[in-house]
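Some notes on the structure that comes next.
The values are calculated or read from the model by the stated rules, or taken from the named source; none is laboratory data. Since the structure is predicted, the reported quantities are computational estimates derived from the model, not experimental observations. Quick reminder, even Gly has a Cβ in these numbers, built from the backbone with ideal geometry, and neighbours come from all protein chains shown. All accessible areas refer to the heavy atoms of the entire protein, side chains included, with ligands and DNA or RNA removed. Shrake-Rupley method; radii C 1.70, N 1.55, O 1.52, S 1.80 Å.
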Amino acid sequence: MSRRRTVRRGLVLGAGGVLGSAWMIGALRAVEDETGRDLAASDLVVGTSAGSVVATLLGLGIGVEAMANSERGIHDAGDPVLDYRDLGASLPPRPRMRMGSPRLLTASALHPRHATPMVTLAAILPQGRGKISAVGDLVTAGMERAGVDPEHWPAHPALRIVAMNFDTGDRVLFGAADAPRMSLPDAVMASCAIPGWYAPIEVDGQRFVDGGTRSPTSVDLLADAGLDEIIVVAPACSLATDRPRGAVALVERQVRRAATRRLLREVALVEAAGTRVTVICPGPDDLVVMGGNLMDLTRRAEVFETSLRTTTELLRATARTRPRHRVTPPSHRAQPAANPPAAAGAQRSSGAPAATAARTSADQSAGQADRADRAPAGLPVDGLARTEPDGDPPLGLDLAG
């Protein structure tokens with residue numbers, strides 16, 4: 001009788017600002033409560049921007065429950081306090097009157113296929129004056145609680161932090177063997193340094209800024225990581241959106257739409273390599289309370305509670321409606337039914353589940369993201385019910401139970 005091998009799991013936490021952090025913690029708490037899984041027990045945790053803070057705290061042994069309590073103002077002795085008021089106002093301070101990165105603009109002009117609009121915009125924006133030291137202080141407090149020095153990087157789970165080189169536009173996976181050496185607090189500050197808002201983090205003559213400038217999650221960097229399954233929590237993406245009226249929110253939704261297309265392309269690459277990917281991102285109810293400014297501190301509590309509610313409803317609805325089968329590789333998948341059953345989240349009412357979880361597949365095209373604002377919350381984006389032969393090893397995480 002063959003021996004079943006251990007499933008290797010990854011957790012990817014994406015960008016999303018202060019409100020993205022609150023939403024992410026609510027979603028993670030719902031996943032742990034509904035599935036009984038300890039997400040800190042993942043083999044590899046990758047964080048970008050706001051996700052880098054949560055990923056680091058998980059890597060330092062600070063659980064989702066402690067972070068959720070902090071969002072509610074409940075703090076046990078020794079637990080770090082997730083208080084972002086020291087980051088300043090919800091709008092950036094007046095920037096320096098000089099271009100953010102002339103070298104990056106030149107690189108973008110010379111290699112236009114390599115540069116995204118967000119990267120080019122980051123190069124053109126004036127240099128930010130904001131200080132991101134409050135994030136570094138939070139990480140340092142977590143390290144002191146864990147009894148480790150600032151040069152230490154957690155090994156169980158392995159921790160990776162994504163930032164962007166501000167002169168070349170290249171993504172850097174801090175914590176990886178081939179990445180520049182950087183302390184953990186500095187790496188997290190670099191990953192959170194929004195261009196035009198905060199000053200870049202400089203180490204050994206290289207400047208680094210928010211990894212979300214290049215990608216909302218950078219999950220594609222894990223295509224060769226040897227993982228069987230990955231959960232992606234992406235606050236900056238949505239497969240189902242609201243219909244905002246304000247100009248700021250309308251612009252944010254367009255940026256979100258582009259980020260979702262990028263995410264789906266990356267997920268397709270990872271699943272083509274044989275890894276199952278589950279994506280969880282905000283839905284219409286979440287977006288209503290988020291508004292258009294993801295740095296608005298006044299909305300944190302409501303965003304957290306809404307995420308906890310909508311993600312819980314989504315997982316329960318998925319457990320009721322989804323067949324209890326494992327995922328099959330793309331070549332074995334059945335064709336979609338003519339009228340796939342609707343999950344509870346398909347209704348666009350205030351009482352419907354609004355967080356969106358999608359099991360995406362390698363045969364999805366990036367064009368499916370163009371339908372993101374119409375996809376029913378709680379349904380797989382391609383509508384497929386997937387099974388695999390009984391003899392195959394389990395390939396993934398059943399979020400619904």
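Checking G142 against (1) surrounded by 21 or more Cβ atoms within 10 Å (Cβ to Cβ); (2) over 28 Å from R96 (Cβ atoms); (3) modelled with pLDDT of 95 or more; (4) not hydrophobic (A, V, I, L, M, F, W, C), only one condition comes out false. Which one? That leaves (3) as the condition not met. Scanning segment 232-252 for residues being in contact (Cβ under 8 Å) with a residue 60 or more places away in the chain and open to solvent by 10 Å² or more (accessible area, probe 1.4 Å) gives a total of 2. Candidates in segment 80-103 are the residues that are among the charged types (D, E, K, R) and either assigned to a helix (DSSP H, G or I) or open to solvent by less than 80 Å² (accessible area, probe 1.4 Å) (or both); of these, the one that is modelled with the highest pLDDT is R103. The set of residues in segment 293-304 that are over 18 Å from the mean Cα position of the chain (by Cα) and either charged (D, E, K, R) or not in a helix (DSSP H, G or I) (or both) comprises D296, R299, E302. Within segment 1-52, the set of residues being among the small types (G, A, S), out of contact with any helix residue (DSSP H, G or I) (no Cβ under 7 Å at 6 or more places or on another chain) and not in a helix (DSSP H, G or I) comprises S2, G36, S42. Residues that are within 29 Å of R257 (Cα to Cα) and of a type outside the set (A, V, I, L, M, F, W, C): does segment 56-68 have at least one? Scanning segment 56-68 turns up at least one residue that is within 29 Å of R257 (Cα to Cα) and of a type outside the set (A, V, I, L, M, F, W, C).
Applying the set (1) hydroxyl-bearing (S, T, Y); (2) on the phi < 0 side of the Ramachandran plot; (3) at pLDDT 95 or above to T213 leaves exactly one unmet item: (3).
So that you can scan it fast, the table gives a plain yes or no per residue for (1) part of a strand (DSSP E or B); (2) without any contact (Cβ under 8 Å) to a residue 12 or more places away in the chain; (3) on the phi > 0 side of the Ramachandran plot; (4) open to solvent by 40 Å² or more (accessible area, probe 1.4 Å):
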residue	(1), (2), (3), (4)
D137	no, no, no, yes
E151	no, no, no, yes
A176	no, no, no, no
A179	no, yes, no, no
S191	no, no, no, no
V209	yes, no, no, no
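Give me the residue from segment 17-69 that is farther than 26 Å from V209 by Cβ, in contact (Cβ under 8 Å) with a residue 40 or more places away in the chain and of a type in the set (S, T, N, Q) and, out of that set, surrounded by the fewest Cβ atoms within 10 Å (Cβ to Cβ). Among residues in segment 17-69 that are farther than 26 Å from V209 by Cβ, in contact (Cβ under 8 Å) with a residue 40 or more places away in the chain and of a type in the set (S, T, N, Q), the one surrounded by the fewest Cβ atoms within 10 Å (Cβ to Cβ) is T35. Considered as a group, the residues in segment 215-226 that are assigned to a loop (DSSP other than H, G, I, E, B) and open to solvent by 30 Å² or more (accessible area, probe 1.4 Å) include one that is farthest from I124 (Cα to Cα), and that residue is G226. For segment 104-120, a tally of residues being crowded, with 16+ Cβ neighbours inside 10 Å, touching a residue at least 60 places away in the same chain (Cβ under 8 Å) and farther than 30 Å from L57 by Cβ returns 3. It is to be established whether one or more residues within segment 116-128 are farther than 10 Å from G196 by Cβ and at pLDDT below 80. The answer is no; no qualifying residue exists. For segment 195-224, taking the residues that are touching a helix residue (DSSP H, G or I) at 6+ places or on another chain (Cβ under 9 Å) and of a type in the set (A, V, I, L, M), the one that is nearest to S108 (Cα to Cα) is identified as V209.
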